[in-house]
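The values are calculated or read from the model by the stated rules, or taken from the named source; none is laboratory data. Just so we're clear, the structure is a prediction, and the values are computed from it rather than from any experiment. FYI the Cβ positions are ideal-geometry reconstructions off the backbone, even for glycines, and counts take in every protein chain you see.
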Amino acid sequence: MESAYFALKKSMLGRRVLRARTLPGIAQEIYALLTVYQVIRIAIADATGTVPETDPDRASFSIALQAARDQVIQAAGVIADTTIDLAGAIGRAVLDNLMPARRLRVSPRAVKRPLSRYAYKSLRVDRRTYKATISIDILLTGPNSP
């Protein structure tokens, strides 16, 4: 779900904000955006399913979104015949611009420690206790000094 909201915020909306000014309007806009997101993801999955051994993660959401926008603007071939092409114009655009295959991860992800205002104690410092040696030297100055 978080990746869907990220795609909504970054790819679909860009820098625009929701236009609705009421809570029902905002809910309606969010549901509409989620529906369009799901339709585009299904189109990507259907398109990559037509080519053997092609993972859907190689397809670009941005390219599919732009192809869908072009289809809505052009409205070309919307009701041409009853045969449904699962790849379609969106699928062809996605398949023409596949990203490279995902590389294998050679090292696991590391969780970074949060930054703190206080310095962390070093793990390599020897913290064993030692006996302290104290020496006191008294120096006399004044009229009675030799």
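Here are some conditions: (1) among the aromatic types (F, W, Y); (2) at pLDDT 75 or above; (3) in a loop (DSSP other than H, G, I, E, B). Y37 meets all but one. Which one does it not meet?
With respect to (1) among the aromatic types (F, W, Y); (2) at pLDDT 75 or above; (3) in a loop (DSSP other than H, G, I, E, B), Y37 is out only on (3).
Sort out which residues of the range 1-34 are aromatic (F, W, Y) and either at pLDDT 90 or above or not in a helix (DSSP H, G or I) (or both), and write them in order of number.
Within the range 1-34, just Y31 meets the criteria.
Of the conditions (1) without any contact (Cβ under 8 Å) to a residue 12 or more places away in the chain; (2) part of a helix (DSSP H, G or I); (3) of a type outside the set (G, A, S), L65 clears all except one; give me its number.
The one condition L65 does not meet is (1).
Counting only residues that are farther than 13 Å from M12 by Cα and either buried (at least 16 other Cβ atoms within 10 Å of the Cβ) or modelled with pLDDT under 85 (or both), how many does the range 61-80 have?
Step one: filter the range 61-80 for residues farther than 13 Å from M12 by Cα, giving 70-80.
From what is left, the residues that are either buried (at least 16 other Cβ atoms within 10 Å of the Cβ) or modelled with pLDDT under 85 (or both) are 71-80.
Counting residues in the range 61-80 that are farther than 13 Å from M12 by Cα and either buried (at least 16 other Cβ atoms within 10 Å of the Cβ) or modelled with pLDDT under 85 (or both) gives 10.
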